[in-house]
Amino acid sequence: MKQYTIALSSEVQDFYERIAENAGLSVERVLSDALFRFAGEVSVQLMQQSCRTEPYMEE
């Protein structure tokens with residue numbers, strides 16, 4: 001698995017550390033899940049936007 005390093009402000013770091021502690025998960029897991037969910041939401045929005053701007057094409 002590829003690894004990345006990200007910089008977080010102290011407020012964001014505290015936020016995700018509290019979530020991780022309350023959920024019984026590692027901070028890395030919580031951040032990974034949050035980024036994965038965000039990517040999914042952005043993908044859905046882009047697909048919906050694409051459907052509105054591109055006319056339907058029949059074969």
Worksheet entry | Modelled FRET efficiency - R0 30 Å, Ser10 with Leu46, Cβ distances, 0.05 increments | 0.40
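Which order do the peptides 16-22, 44-50 take when ranked by the mean count of other beta-carbon atoms within 10 Å per residue, highest first?
Working: 16-22: 13.3, 44-50: 9.9.
Descending mean neighbour count gives 16-22, 44-50.
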Worksheet entry | Cβ-defined net charge surrounding Arg29, 13 Å radius [Lys, Arg +1; Asp, Glu -1] | -3
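How much length is gained if the chain between Ala20 and Leu35 is pulled fully straight, taking 0.36 nm per residue apart and subtracting their Cα-Cα distance, in nm to one decimal?
Residue separation times 0.36 nm, minus the Cα-Cα distance, leaves 4.0 nm.
Can you pull the Kirkwood radius for the chain, inverse mean 1/r over Cα pairs, to one decimal in Å?
Values: mean 1/r = 0.0707 Å⁻¹.
This gives a value of 14.1 Å.
Taken together, the values in this text are just the output of simple stated rules run on the coordinates, not laboratory data. None of these values were measured; they are calculated from a predicted model. Positions of Cβ are backbone-derived with ideal geometry, glycine not excepted, and every protein chain shown enters the neighbour counts.
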